[in-house]
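Below is one structure, written out as structure tokens, with a few remarks after it.
The values are calculated or read from the model by the stated rules, or taken from the named source; none is laboratory data. Note that the structure is a prediction, hence the values are computed from the model and not measured. FYI the Cβ positions are ideal-geometry reconstructions off the backbone, even for glycines, and counts take in every protein chain you see.
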Amino acid sequence: MKQQIQDGLKTRANIQLRMAEMLTDGIASAVDMIGSALESGQTLFLCGNGGSAADSQHIAAEMIGRFERERQSYPAIALTTDTSALTSIGNDYGFENIFSRQIEGLAKQGDILIGISTSGGSKNVIKAMEMAKTKGMSIIAFTGANPGVMGNLADITIAIPVERTALVQEGHIAVGHLLCELVETRLTT
């Protein structure tokens with residue numbers, strides 16, 4: 001078992017090293033985009049399914065509360081949290097519209113959407129991104145190695161260079177934490 005643990009941790013460390021080589025420019029662009037939008041009074045929206053829904057909520061909570069510095073709250077909304085909206089929209093319009101309908105009603109031009117999907121093909125996240133385009137929002141996609149349709153819709157794509165779902169999700173939260181840290185540093189110094 002000790003060897004499995006060491007191998008598992010080494011695998012994750014190697015993925016992080018590949019992320020450092022491949023994703024630096026995209027992450028820097030995302031920090032600039034989010035920081036500029038928040039400085040201008042815009043809102044950050046996030047969405048995803050399953051573990052990606054949890055990541056959406058986690059990142060939004062870090063922005064609303066704080067990451068590591070005492071500072072003002074940043075406007076961030078995880079579209080995964082309102083069970084009444086999710087169930088009524090899902091019932092009346094279909095599950096694929098649970099996020100796009102919220103974007104339609106809540107978002108405005110200049111806001112940002114972070115769509116999270118390990119496969120890059122989650123229909124409800126794609127529809128949210130399509131609605132965000134019509135609203136004049138900027139879009140960041142968090143995906144796995146194959147960004148799929150989401151990569152084509154996004155202004156910035158953060159594609160974790162692995163296909164195993166759990167490892168993609170670990171990469172997403174690492175990038176999410178890094179975004180929170182760097183945006184917070186940018187806006188408080």
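General remarks:
- Subset of the stretch 113-171 (residues that are in contact (Cβ under 8 Å) with a residue 60 or more places away in the chain, of a type in the set (V, I, T) and buried (at least 24 other Cβ atoms within 10 Å of the Cβ)): I114, I116, T118, V125, I140, I158, I160
- Residue under evaluation G50, criteria (1) at negative phi; (2) at pLDDT 95 or above, criterion not met: (1)
- Annotation note: of I34, I77, I89, the sole residue that is of a type in the set (A, V, I, L, M), farther than 25 Å from E184 by Cα and surrounded by 18 or more Cβ atoms within 10 Å (Cβ to Cβ) is I89.
- Checked against (1) buried (at least 19 other Cβ atoms within 10 Å of the Cβ); (2) under 23 Å from G65 (Cβ atoms); (3) β-branched (V, I, T), T188 passes all but a single condition, namely (1).
- One residue stands out in the stretch 92-105 among those that are assigned to a loop (DSSP other than H, G, I, E, B) and either at pLDDT below 95 or not β-branched (V, I, T) (or both): the one that is farthest from the chain's Cα centre (by Cα), namely G94.
- All told, R71 falls short of being modelled with pLDDT of 95 or more, closer than 18 Å to A174 by Cβ and among the basic types (K, R).
- Restricted to helices (runs of 4 or more DSSP H) entirely inside the stretch 106-189, no element has at least 1 residues that are of a type in the set (F, W, Y), more than 22 Å from D82 (Cα to Cα) and out of contact with any Lys or Arg (no Cβ under 9 Å at 6 or more places or on another chain).
- Selection count, the stretch 55-91, where residues are outside any helix (DSSP H, G or I), closer than 24 Å to T118 by Cβ and touching a residue at least 24 places away in the same chain (Cβ under 8 Å): 7
- Matching residues, the stretch 37-61, being out of contact with any strand residue (DSSP E or B) (no Cβ under 8 Å at 6 or more places or on another chain) and buried (at least 20 other Cβ atoms within 10 Å of the Cβ): N49
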